[in-house]
Amino acid sequence: MMMAVRQTFPKSSPVDIRATLQGEFAAILPRLKPGARIAVAVGSRGITNLQGIVRAVLDLLKAAGAKPFIVPAMGSHGGATAEGQKELLAEYGICETELHVPIRAAMDVELLGATEEGSEVFWSAEALRADGVVLVNRVKPHTDFSGALGSGILKMMVVGLGKRAGAANYHAAAVLLGYEQALRTSARLILRSAPILCGIAIVENQFHETAQLTLLPPAEMERREEELFRDAQRLMPALPFDDIDLLIVDRLGKNISGAGMDPNIIGRGVHGYESVLGKTSHRKPLIRRLFVRDITPESHGNAIGIGMADVTTTRLVRAMNPQVTFINALTSLTVQSAKIPIHFDTDREAIAQVLGSLALRDSSRAKVVRIADTLSLEQLELSEACTEGNQPNSRLEPLNAPHEMSFGPDSNLLPISTSTCLQG
């Protein structure tokens, strides 16, 4: 039996995007020369309010007499083509017709030099020709490594604006030096060599809402991003249980996470994972089986992350664009994450088969959790067995009475429902 629940998280104060950015830019805009060409770097993540934030940045630059344009900063995403990267930006409303500025999406790069460890750093030729560069990105824990930094302004500067060549070089260096060390040394070289004006760092809360907007000047970028990273860690949502027999994920996607499904949420890494039935794993949460059902349209067939699932659907496999997925996996050196798992024609069959693989005496007692995606953890479904023997979780608010798992006529799951609501 399943029931819908809502996780409650502390609310953040709302952010006035334009007023906040105007205040943050106050010390920088007077230094801009009239007619200065400013590249605004934008990536391929599903960031809430992204269009509004980028629009406000562009308007402030224009008001100061600058001539801004947009440069995609997404490494090898979009099939590592200019056209593909422009298409990805358009999915978030970042396009010339909406924002009335040019988008210069060329994949050409120039060599900036080598880090102290000897790693060559390549950078967008379009951004390098600008008089200044503003990077707009969310700060959050990274999908591939943990430390004092994660995914944010520095990563966009190194990997995103490195285009395919720079992204590949960074990941190669990370294998030898560690992700964080390679990120720091590459970023320091770029800050010395490229016309970085500032970064606009976004922190989101557990509801995927804008919680902070902060301007990071070059001299303070590394230190200030560490501070914001700690805030992002604190505000990151999590699954309500550390021990789950079956996690059902409705969709993976590049707009959800760079890894398709965020390893920080599912406890599985992009370089491989354990799928043990016991409790030998030290990583939390322990998820014995993971079933991913679909891929987001915004991913354009990039199904990276599918390899972290135990089972999937034939429809997801058919929606996968192998070339785009493989380029992303090879560039990021995460080949395990592109492997295709066992797949079934319907959700009903997939769930029955995967439950049968758990070696449970009674599969109806399995601890099952279902989420829309790893970015959306406010509302979810769980089986009654999840709460048995556990302390009551004050963060969980029941939304309906327990009911059988609901399938449509095609034997696929119906959308996560709050029918038969208890809470009005």
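The values are calculated or read from the model by the stated rules, or taken from the named source; none is laboratory data. Here the structure is a predicted model, which means the values were calculated and not measured. Every residue, glycine among them, receives a Cβ derived from its backbone with ideal geometry; neighbour counts consider all protein chains shown.
Structure notes:
- Taken over segment 94-111, the residue count meeting the criterion of being loosely packed, with under 13 Cβ neighbours inside 10 Å and either touching a His at 6+ places or on another chain (Cβ under 6 Å) or assigned to a helix (DSSP H, G or I) (or both) is 1.
- Residues of segment 47-68 that turn out to be crowded, with 19+ Cβ neighbours inside 10 Å and not aliphatic (A, V, I, L, M), as a count: 2
- Just one residue in the set 190, 200 is part of a strand (DSSP E or B) and at pLDDT 95 or above; that residue is 200.
- Matching residues in segment 1-38 - criterion: being of a type in the set (A, V, I, L, M, F, W, C) and part of a loop (DSSP other than H, G, I, E, B): 1, 9, 15, 26, 27, 28, 32, 36
- Which listed residue is part of a strand (DSSP E or B) and either without any contact (Cβ under 8 Å) to a residue 12 or more places away in the chain or in contact with a strand residue (DSSP E or B) (Cβ under 9 Å, 6 or more places away or on another chain) (or both), from 90, 41: 41
- Condition check for residue 115: in contact with a strand residue (DSSP E or B) (Cβ under 8 Å, 6 or more places away or on another chain) and within 30 Å of residue 176 (Cβ to Cβ): yes
- Filter pass, residue 207 being of a type in the set (Phe, Trp, Tyr) and within 30 Å of residue 381 (Cβ to Cβ): yes
- For segment 274-295, the candidate set comprises residues that are at pLDDT 75 or above and either of a type in the set (Lys, Arg) or not assigned by TED's automatic domain parsing to the domain that holds residue 248 (or both); within that set, the residue that is farthest from residue 348 (Cα to Cα) is 284.
- All positions within segment 157-197 that are within 29 Å of residue 68 (Cβ to Cβ) and either among the acidic types (Asp, Glu) or more than 22 Å from the chain's Cα centre (by Cα) (or both): 188, 189, 190, 191, 192, 193, 194, 195, 196, 197
- Only one of the numbered conditions (1) assigned to a helix (DSSP H, G or I); (2) under 17 Å from the mean Cα position of the chain (by Cα); (3) modelled with pLDDT of 90 or more is not met by residue 264, and that is (3).
- Boolean, residue 324 is outside the structural domain of residue 75 (by TED's automatic domain parsing), in contact (Cβ under 8 Å) with a residue 40 or more places away in the chain, touching a Lys or Arg at 6+ places or on another chain (Cβ under 9 Å) and in a helix (DSSP H, G or I): no
- When residues of segment 353-376 are limited to those that are at pLDDT 90 or above and within 17 Å of the chain's Cα centre (by Cα), the one nearest to residue 235 (Cα to Cα): 374
- Every pair of residues 6+ apart whose Cβ atoms lie under 7 Å, when the first sits in segment 216-243 and is assigned to a strand (DSSP E or B) while the second is of a type in the set (Val, Ile, Thr): 216/153
- The one condition from (1) free of Cβ contacts under 8 Å to residues at least 60 places away in the same chain; (2) out of contact with any Phe, Trp or Tyr (no Cβ under 7 Å at 6 or more places or on another chain); (3) farther than 26 Å from residue 396 by Cβ; (4) surrounded by fewer than 19 Cβ atoms within 10 Å (Cβ to Cβ) that residue 336 does not meet is (1).
- Selected residue [over 26 Å from residue 87 (Cα atoms) and crowded, with 16+ Cβ neighbours inside 10 Å] from 365, 348: 348
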